[in-house]
Amino acid sequence: NRRQDPSRLPRLKMLYLDSDIAHAMNSTPRQLIQAIGRHSDLQSHELDGLLKAEVYRRPAQWYRFIRLVLLALGSGFLLAGIVFFFAYNWDGLHKFAKLGIVGGLLAACVIGSLLVKSQPLLHKALLFAASLLTGVLFAVYGQIYQTGANAFDFFLAWTVFCFLWVWVSEFPPLWLAFLVLVNITFGAYADQMGRQWPKSLPFAALTALNAAVLVIAYARRNVIAGITVPEWVTHTVAIGTVSILTAGIVGGILDSYDAAFPWLLALAVVLFPWAVHQGIRSRSIFLPALVSLSLVVVTTTYLIKLSQGYFMSLFISLFVMGSITLVT
């Protein structure tokens, strides 16, 4: 648009020195266009044209979105159907038939992913299905030979044997599924083998693990070159991390302060300011809002611990309303 009137070029270059524009350069195209509109002489119809060209979804993008949704639904229903098939027909199937069906489907997904490398989305979806079928195979094997399919080593084997596909796929949903498997594995191990541990220790360990993943995801440009982590993945990991940390602190307050409880508080002291700083830096309300909600829950729990009388109930109600209003 600037080519039509070269006299406006110097003004546009100077605009990029403005702090608002400088911050918006690291944000979404919508925020950049809005920042330019506030500090330039662009007309409303010019801004509308930029938004339509750079921000609003085109028919081709909607078509891709529908393809993704249908592919995800189809894969999910297929895998769920396989699991329910075994659950319903378990007594009527021979053990070799059980292993053969799952093994055949697993091999078909792996071979299919190699044959469709020219279609990246389908290739990654098949690797995702293969990763889930790996767990189904271990579960079927464990149920047939009673090797402990519901023990932590089942999830550990599942995590280990699908790691290679997670590494080569560069598929964010598979990254997230792998992180869930790691959390379940450690949680199952702590439940079955760590019964003598302080109750707060598993929460502290899982918080530290997920927080490390979250920090790496936000610092991906400096840590993992060439790999872009979608925002919805970082938001999901942030929700999980703060939820585990909040649950651990709430449990420690209501039950008792054990030896690992100070580690939870130390993690909160480090993680919460970092999350707020990251949200301010990226001009995103998500992380500060998440931290604020956690602090409201923890403070409310502590007030309940102090007293459960009628006056305290009234005070807690006023506190929740006031704090949520203040955060908003």
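Taking all protein chains as present, what is the carbon and sulfur share of the accessible area of the stretch 204-328, in % to the nearest whole number, probe 1.4 Å?
Looking at the stretch 204-328 in its full context, I get 72 percent from C and S.
Debye calculation, C-alpha points only, no solvent: report log10 I(q)/I(0) for the stretch 179-328 at q = 0.08, 0.13, 0.16 Å⁻¹, in the same order as the q values.
Rounded to two decimals, the profile gives -0.26, -0.67, -0.95.
Would you kindly find the accessible area of Phe84, with a 1.4 Å probe and non-protein molecules such as ligands, DNA and RNA excluded, rounding to the nearest 10 Å²?
The value for Phe84 is about 140 Å².
Hey, if we sort His235, His94 by accessible area with the 1.4 Å probe, largest down, what's the order?
His94, His235
Quick one: grab the alpha carbon gyration tensor of the stretch 77-167, order the square roots of its eigenvalues as a ≥ b ≥ c, and give me rounded if a/c is under 1.5, else prolate or oblate depending on whether a/b is larger than b/c.
oblate
Leaving ligands, DNA and RNA out of it, report the carbon-plus-sulfur percent of the accessible area of the stretch 130-171 at a 1.4 Å probe.
69 percent
Can you bin every Cα-Cα distance in the stretch 162-216 into 10 Å intervals starting at zero and give me the percent of pairs per bin, rounded to whole numbers?
Percent of Cα pairs in each bin: 22, 45, 26, 7.
Within the stretch 56-127, what whole-number % of the accessible surface is contributed by carbon and sulfur, with the 1.4 Å probe and all protein chains included in the calculation?
So the carbon and sulfur contribution to the accessible surface is 72 percent.
Accessible area of Tyr141, 1.4 Å probe, to the nearest 10 Å²?
That residue has around 110 Å² of solvent-accessible surface.
Round to a whole angstrom and tell me the spacing of the C-alpha centers of the stretch 171-188 and the stretch 282-328.
Taking the Cα centre of each part, the stretch 171-188 and the stretch 282-328 sit 30 Å apart.
Leaving out ligands and nucleic acids, and using a 1.4 Å probe, what accessible area per residue does the stretch 129-252 come to in Å²?
Result: 51 Å² per residue.
The values are calculated or read from the model by the stated rules, or taken from the named source; none is laboratory data. This structure is a prediction, so every number in the text was calculated from the model and none was measured. When the accessible area is computed, the model is the full protein with side chains, heavy atoms only, and any ligands, DNA or RNA have been set aside. Shrake-Rupley method; radii C 1.70, N 1.55, O 1.52, S 1.80 Å.
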